[in-house]
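Contents: one structure, followed by commentary.
The values are calculated or read from the model by the stated rules, or taken from the named source; none is laboratory data. Bear in mind the structure is a predicted one, so any value in this text is a computation, not a measurement. All Cβ positions, glycine included, derive from the backbone under ideal geometry; neighbour counts span all protein chains shown.
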Number of protein chains: 2
Amino acid sequence: MRRASRLGDWLWGTGLVLGVMTITAAGDPETRLAGYSADASRAELEWEGKLRAIPSPDTLRESMRRLSARPHHVGSPYDRDNAEWLLARFRAWGWDARIETFDVLFPTPKERLLELVGPVRYTARLVEPPVRGDPTSSQKSEQLPSYNAYSADGDVTAPLVYVNYGVPADYDELDRLGVSVKGAIVIARYGHSWRGIKPKVAAEHGAVGCIIYSDPRDDGYAAGDVFPGGPFRPADGVQRGSVQDMPSYPGDPLTPGKGATPGTPRLSLAEATTLTRIPVLPISYRDAQPLLAALTGPTAPEAWRGGLPITYHVGPGEARVHLRLKFNWDTHTLYDVIATLKGNAAPDEWIVRGNHHDAWVNGAEDPISGQVALLEEARALGELARQGWKPRRTIVYAAWDGEEPGLLGSTEWAEAHEAELQQKAVVYINTDGNGRGFLGMGGSHTLERFINDVARDISDPETGLSAWKRAQASAIRFGTEEQRKSARESVLRLDPLGSGSDWSAFLQHLGVASLSLGYGGEDDGGIYHSIYDDFYWYTHFSDTSFVYGKALAQTVGTAVMRLADAELLPFDFTALADNIGSYSEEVQKLLTDRRTEYAERNRQLDEGVFAATSDPRRPTTAPPHEPEPPFLNFAPLMNAMDSLRHSAARYDSAATRAGAGDGAGNLKAANAGLNARLLQSERRLTRPEGLPRRSWYRHLIYAPGYYTGYGVKTLPGVREAIEQKDWHLAETEIERLAGVLCDEAALISQAAVELNGVVK
Amino acid sequence: MRRASRLGDWLWGTGLVLGVMTITAAGDPETRLAGYSADASRAELEWEGKLRAIPSPDTLRESMRRLSARPHHVGSPYDRDNAEWLLARFRAWGWDARIETFDVLFPTPKERLLELVGPVRYTARLVEPPVRGDPTSSQKSEQLPSYNAYSADGDVTAPLVYVNYGVPADYDELDRLGVSVKGAIVIARYGHSWRGIKPKVAAEHGAVGCIIYSDPRDDGYAAGDVFPGGPFRPADGVQRGSVQDMPSYPGDPLTPGKGATPGTPRLSLAEATTLTRIPVLPISYRDAQPLLAALTGPTAPEAWRGGLPITYHVGPGEARVHLRLKFNWDTHTLYDVIATLKGNAAPDEWIVRGNHHDAWVNGAEDPISGQVALLEEARALGELARQGWKPRRTIVYAAWDGEEPGLLGSTEWAEAHEAELQQKAVVYINTDGNGRGFLGMGGSHTLERFINDVARDISDPETGLSAWKRAQASAIRFGTEEQRKSARESVLRLDPLGSGSDWSAFLQHLGVASLSLGYGGEDDGGIYHSIYDDFYWYTHFSDTSFVYGKALAQTVGTAVMRLADAELLPFDFTALADNIGSYSEEVQKLLTDRRTEYAERNRQLDEGVFAATSDPRRPTTAPPHEPEPPFLNFAPLMNAMDSLRHSAARYDSAATRAGAGDGAGNLKAANAGLNARLLQSERRLTRPEGLPRRSWYRHLIYAPGYYTGYGVKTLPGVREAIEQKDWHLAETEIERLAGVLCDEAALISQAAVELNGVVK
């Protein structure tokens, strides 16, 4: 799976040594890399230049052709074949590589039936036909049928109700319309949430089945020309995908928090809380149209109407559907390919970089377009090592299996190696497919300044501008007033990370500072998780010349090298404090806005406004009276933010002193003990007991939303307690959050003291 | 034609005598009408109660059945037949009634051909088929074919370009996409402007033909179930309508500013500036789909995409269309029915009330649903007169002909009677069809407080609340923050009037204070100007029980009586000053916003942002560099506003004194000379030389937008000069506007002096 990342932006702090410096020596301007002494920086820049010369569009194309040649989902022969081919590549390039296996629950369909049984009959086709000219689309015997992994078995016949995107707010709207889904089968459209949210919320409201379809408004003909004439979803295209309750925990549903190795005890299916409670099936818009057209009841609210040439009704009415789903609840083996280049000076500090290799079908875009960039990086790094480059730190490259069903390969590996990763992992860098356009940058805010610097050194292949410059222009043109201001002050803020790809276990379970990178925004498409995401589609409609694949390999390869070689780890705590400061203001504003909103609504209820505006022929129900939220004690959070800001300033000041002159002696002395402390800084933002309702998620700054799934919730404990109106919990979470921020401030202050101590 | 009016709202001033007063005398609360002494108010309220008991849903239904039984467009036999039937009604009810005729240019189609000639062929059907069960839909021989009146003749074959709604901003977007319409035929969808704007703007950009279609997103299946299953537009439904350049002048194109009577000289067709320069044809969405589907070129911007199951492209490409239109450029006779109840005390003060009777086809909703309410008012007023009620002023009821082609009947009549109307007309009250739901109130702000009071006395028929209360609830629930605040402070602001119905000649040409009233908002529909706007449709989908027809007759009947009988005309100048004050702030903000917008855009141009964000595969052109607007001298306007506010306050204070006690002597003394002055107050807001580019429009506060047509532009001279970046003109217009406001302030001050003079 891959989720488009939006461009963020942020203003740099004022510390200099952590940012790229331009020093005038003998009249020559020179760029000094953050965390590097002058000599080390010069050497690094030379090696980086060599690295960026290596990735080749032709190699990228041929790797994609090979890896996407056949369907390669978890458990398929070609999935394992690809893993072994990848293993051989790494080894050929001089890496110490191995395959690690895990045995996980991965259900596949045994029976799929969906029919409209009244007032007219229609049996859904549930088939994606081959497209003439697209050779891999006809590999029917190897393709997984369209389905939602981890759907419950079921055989239900019930009235149909349309629930828009199927998120909680949609059910509030249904309440206003007087429509209940109790005992009904709901039909929801894809989008606006992780797909697993839709059956979860439907079941919470009493539905007995769930159908998810791709509306042509969202990624079909209404968005643009459809495949094979264009990149968008054809009438029969279906989005496969997992519906496990990923916001509770990702990975193998039977081994939460533990690697799915032979010795690990398994939960029973009944005990696994991330399986859906009701049967779920994804369908095409060709199959959806007869179902939706059969609905009566209220006309769907304007925002709910899609692009089909029908009147959208909510139901219920005469329309009844029969849904029968049976799955093979089998265990399959994952093949994670793990390759290592051992560090020269600090072998126990790891830079980890990954992209998954499994796909739902052929997966040329998702995930192979990212996997081939990773491969080019590995080839280039191997080549540099052969030429004599020695990374200071250990570099670990991972081609994950089983990401599509639920981040299985990365999660099981991270869980199995938890102790070692807790100790050694410095940074995790993820990609998951790649397209054309602008560099999207998400991740931990301690890396914001660092990755901005990297982006400045990468050429956008189609315009000749730097990748950073294009992203900046986009933030100025399309961003909010605040984003525009930050971009003009020369830092692009990172998007905080929710879920949707393999960073989750690293960032949110283990507290490893993470990045997510990829090019996109000029690469429309509607073949996501269908049989049409293949080499033919990619080479006709996406990064057809593979120049952005090359740019991605250059971007991530540079980031990996620069992190691996830095004398002082280039974390920036001022950016961290500034961003968390913004989030703190947001949650306080959220509470104030709720208070205003409820007060206004209650006043309208008292004034009889809803009754007076309800159409007597189409009556709507007034929303409920909501008690106004109390004022909460945000003082602990604000005090902790003060400490965090002060410690960050102290660290900046120490770093500036340490970097003075050529920085050589200072930075060399510093890196011995200090880096070991710095690499723990992201860990300090976690708590072993995790978030309320979901202990697997330990990070108190970033989490996927419990009811959004992909979408991030920053300061999730506090924010979701306010959203769920649990005021007592909100205060507890404010205190827990203040606690981690104080711990973080203490670590940063200690690092500042140590850095001051080494300055000659 | 009829345009849905939005609810406005406004806070009352503080003057009391002009608003309804509640006086406690001997413990009994009593309502005193504005402009009435205590005795007169009591008598009036009694008569008004009798009036409101008369209108009957059954009579409304039978009148609609009769008037919509056959097509009755200008020049048709049933148009004249209806006029004669209406005449007979008025006479039967005791009115002094007559038919006035005018001879006007009214073209009808001789030949209509539209075909796609490449890359595939399609010949548009241009036919609305009868619907089974709907008897009048099959009256084919009497129906006008679907066409746009005052389209030029033409025979053109050219590439097709899709221009969205065809308003000026859409052409800016085409410039960004690098698409020109020069030499092309454009296809625009209905909506977002008076339809005559579309060919006008297309011709300004060099197009040689224009097609206008009804997109199903806007009023077809995407909006709701289509006729006959529901109220919305079926696939073959076509919106007929005039495309004359109404914002230049309405009425007969050959006699601008003069009544089209036998002696009036006519312009030649070539001299008539309101005829379109290119051929124009309206079509159904069934006919539009093959044309739009044949387009290639850029995918249409997201906001341009409609509800057809295709990818919307802008063109141009291979798609070429052939459009051939020929018209009979004939003169036809209009039959305006004019009925009078002579005033008892002030026969030379006229309250004029109108609704048109002509339709495009059967026109049950537009205009008959309003015409039948007018008839019920006339029946009721006639009945009261028979019972002994004597209106103080003269009441003139008008059933206009020829509104659909361009407000012909009302405009020619107002032009023909200009001198008399200038002297005598107090108020013009318009309706133009009626539906279900909320009372919409638009008009001159001097009447804001008056019509709010009337609405408080009318029962909403389906909820039992007052019509005012429902409108207030709607403003609170759906309005802006400011509208909500005003509504809660108990005045609903009037919508300022643009164009689209018969008030134009009265308000904007002659300066007669006007009102536009109607119920709507719970009466969906998509049969506007098609053969399906008929008795069957109306009685199945709109005000099926005619209870809102009754409410409209009660509302307007009450307003007419109350204006006709008031001792002191109930104009409120504080509301006028407050509203014009808001508009003054708006135009100043408009200039500031333009300055900010251009400055930001110019900065982005200097930064290269547009070039850096242009997709190299789908390049877009940067917008042009715009010089920033200068600061303008608004001081004359602000000084004039000061005078207006002060004079309004003086008048309020005088009116309060005059109304003290039972007010009887004061008000009686006052009304003799004072009312004659007050009825000139709206005239003071006009200038004989009119607006720039369009001298027919003389009102300096309200006008239809030169590039919107329906939509109002308040302070049009100033506002449009700023919009068109004519800074010199803007300053001239500020001074002209300040001039009328000072004249108005002088009149009001003089009225206050006179009112003070009579207070005992």
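The numbered conditions (1) part of a strand (DSSP E or B); (2) assigned by TED's automatic domain parsing to the domain that holds residue B:325; (3) not hydrophobic (A, V, I, L, M, F, W, C) are all true for residue B:151 except (1). For region B:246-293, a residue qualifies if it is assigned to a loop (DSSP other than H, G, I, E, B), more than 22 Å from the chain's Cα centre (by Cα) and not hydroxyl-bearing (Ser, Thr, Tyr), and the qualifying residues are B:254, B:260, B:262, B:263, B:265, B:266, B:267, B:272, B:277, B:278, B:279.
Might you check whether a residue that is on the phi < 0 side of the Ramachandran plot, assigned to a helix (DSSP H, G or I), buried (at least 24 other Cβ atoms within 10 Å of the Cβ) and of a type in the set (Val, Ile, Thr) occurs anywhere in region A:591-606? No, there is no match, as no residue in region A:591-606 is on the phi < 0 side of the Ramachandran plot, assigned to a helix (DSSP H, G or I), buried (at least 24 other Cβ atoms within 10 Å of the Cβ) and of a type in the set (Val, Ile, Thr). Restricting attention to region B:201-225, and to residues there that are more than 14 Å from chain A (Cβ to nearest Cβ) and hydrophobic (A, V, I, L, M, F, W, C), which single residue is nearest to residue B:137 (Cα to Cα)? Applying the filter and picking the extreme gives B:212. Residues in region A:673-699 that are within 16 Å of residue A:36 (Cβ to Cβ) and out of contact with any strand residue (DSSP E or B) (no Cβ under 8 Å at 6 or more places or on another chain): A:674, A:678. Among the residues of region B:678-710, those identified as part of a loop (DSSP other than H, G, I, E, B), touching a residue at least 60 places away in the same chain (Cβ under 8 Å) and farther than 15 Å from residue B:249 by Cα are B:679, B:680, B:681, B:682, B:701. Among the residues of region B:433-456, the one identified as among the polar types (S, T, N, Q) and either within 14 Å of chain A (Cβ to nearest Cβ) or within 26 Å of residue B:63 (Cβ to Cβ) (or both) is B:434.
Of B:97, B:69, B:40, B:83, all but one fail to be of a type in the set (A, V, I, L, M), over 25 Å from the mean Cα position of the chain (by Cα) and assigned to a helix (DSSP H, G or I); the exception is B:40. Checking region B:545-563 against the condition returns a match, with at least one residue being within 14 Å of another protein chain (Cβ to nearest Cβ), part of a helix (DSSP H, G or I) and buried (at least 24 other Cβ atoms within 10 Å of the Cβ). Scanning region B:612-640 for residues that are assigned to a helix (DSSP H, G or I) and within 14 Å of another protein chain (Cβ to nearest Cβ) turns up B:612, B:613. Condition test on residue B:419, is it of a type in the set (A, V, I, L, M), outside any strand (DSSP E or B), surrounded by fewer than 24 Cβ atoms within 10 Å (Cβ to Cβ) and away from chain A (no Cβ under 14 Å)? Answer is yes for this residue. Could you go through region A:169-179 and let me know if any residue there is within 14 Å of chain B (Cβ to nearest Cβ) and surrounded by fewer than 24 Cβ atoms within 10 Å (Cβ to Cβ). Scanning region A:169-179, I find at least one residue that is within 14 Å of chain B (Cβ to nearest Cβ) and surrounded by fewer than 24 Cβ atoms within 10 Å (Cβ to Cβ), so the answer is yes.
Listed here are the residues, each with its yes/no results for (1) modelled with pLDDT of 95 or more; (2) of a type in the set (A, V, I, L, M); (3) in a strand (DSSP E or B).
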position: B:180; (1), (2), (3): yes, no, no
position: B:183; (1), (2), (3): yes, no, no
position: B:188; (1), (2), (3): yes, yes, yes
position: B:195; (1), (2), (3): yes, no, no
position: B:199; (1), (2), (3): yes, no, no
position: B:202; (1), (2), (3): yes, yes, no
position: B:207; (1), (2), (3): yes, yes, no
position: B:211; (1), (2), (3): yes, yes, yes
position: B:217; (1), (2), (3): yes, no, no
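Tallying residues that are at positive phi and of a type in the set (S, T, N, Q) within region B:475-529 yields 1. Answer yes or no: is there a residue in region A:311-321 that is in a strand (DSSP E or B) and more than 9 Å from every other protein chain (Cβ to nearest Cβ). Within region A:311-321, one or more residues are in a strand (DSSP E or B) and more than 9 Å from every other protein chain (Cβ to nearest Cβ).
Cβ separations smaller than 9 Å between residues 6+ apart or across chains give the following pairs from region A:457-477 residues that are more than 21 Å from residue A:560 (Cα to Cα) and more than 9 Å from every other protein chain (Cβ to nearest Cβ) to residues that are in a helix (DSSP H, G or I) and of a type in the set (A, V, I, L, M): A:475/A:487.
A single entry from A:384, A:375 fulfils the requirement of being in the same structural domain as residue A:94 (by TED's automatic domain parsing), surrounded by fewer than 24 Cβ atoms within 10 Å (Cβ to Cβ) and more than 19 Å from the chain's Cα centre (by Cα): A:384.
Kindly indicate the residue of region A:226-243 that is assigned to a loop (DSSP other than H, G, I, E, B) and touching a strand residue (DSSP E or B) at 6+ places or on another chain (Cβ under 7 Å) and also farthest from the other protein chains (Cβ to nearest Cβ) among those meeting that condition. Before the answer, list the steps.
Let us first name the residues in region A:226-243 that are assigned to a loop (DSSP other than H, G, I, E, B), namely A:227-231, A:233-240, A:243.
Those left that are additionally touching a strand residue (DSSP E or B) at 6+ places or on another chain (Cβ under 7 Å): A:233-234, A:238-240, A:243.
Details: A:233: 12, A:234: 12, A:238: 18, A:239: 19, A:240: 24, A:243: 28 Å.
Filtering region A:226-243 for residues that are assigned to a loop (DSSP other than H, G, I, E, B) and touching a strand residue (DSSP E or B) at 6+ places or on another chain (Cβ under 7 Å), the one farthest from the other protein chains (Cβ to nearest Cβ) comes out as A:243.
Taking the conditions exactly as written (under 28 Å from residue A:684 (Cα atoms), more than 14 Å from chain B (Cβ to nearest Cβ), outside any helix (DSSP H, G or I) and modelled with pLDDT under 95), does residue A:514 satisfy them or not? First the steps, then the outcome.
Working: under 28 Å from residue A:684 (Cα atoms): yes; more than 14 Å from chain B (Cβ to nearest Cβ): yes; outside any helix (DSSP H, G or I): yes; modelled with pLDDT under 95: no.
Judged against the criteria, residue A:514 is not a match.
Somewhere in region A:348-358, is a residue among the polar types (S, T, N, Q), in the same structural domain as residue A:562 (by TED's automatic domain parsing) and within 20 Å of residue A:530 (Cα to Cα)? Among the residues of region A:348-358, at least one is among the polar types (S, T, N, Q), in the same structural domain as residue A:562 (by TED's automatic domain parsing) and within 20 Å of residue A:530 (Cα to Cα), which makes the answer yes. Taken over region B:193-215, the residue count meeting the criterion of being closer than 16 Å to residue B:114 by Cβ and either surrounded by 24 or more Cβ atoms within 10 Å (Cβ to Cβ) or of a type in the set (S, T, N, Q) (or both) is 10. Taken together, the criteria place residue A:525 among residues that are in contact (Cβ under 8 Å) with a residue 40 or more places away in the chain, within 26 Å of residue A:143 (Cβ to Cβ), within 14 Å of chain B (Cβ to nearest Cβ) and not in a strand (DSSP E or B). In this structure, residue B:505 does not satisfy being under 23 Å from the mean Cα position of the chain (by Cα), buried (at least 22 other Cβ atoms within 10 Å of the Cβ), within 14 Å of chain A (Cβ to nearest Cβ) and in contact (Cβ under 8 Å) with a residue 60 or more places away in the chain.
Does region B:322-340 hold any residues that are closer than 30 Å to residue B:414 by Cα and in a strand (DSSP E or B), and which are they? Break it down stepwise before answering.
Within region B:322-340, the subset closer than 30 Å to residue B:414 by Cα is B:327-340.
Across region B:322-340, the qualifying residues are B:327, B:328, B:331, B:332, B:333, B:334, B:335, B:336, B:337, B:338, B:339, B:340.
Could you check residue A:308 against (1) surrounded by fewer than 24 Cβ atoms within 10 Å (Cβ to Cβ); (2) within 14 Å of another protein chain (Cβ to nearest Cβ) and say which number it fails? That leaves (1) as the condition not met.
Residues in region B:128-148 that are under 23 Å from residue B:328 (Cβ atoms) and surrounded by 13 or more Cβ atoms within 10 Å (Cβ to Cβ): B:128, B:139, B:140, B:142, B:143, B:144, B:145, B:146, B:147, B:148.
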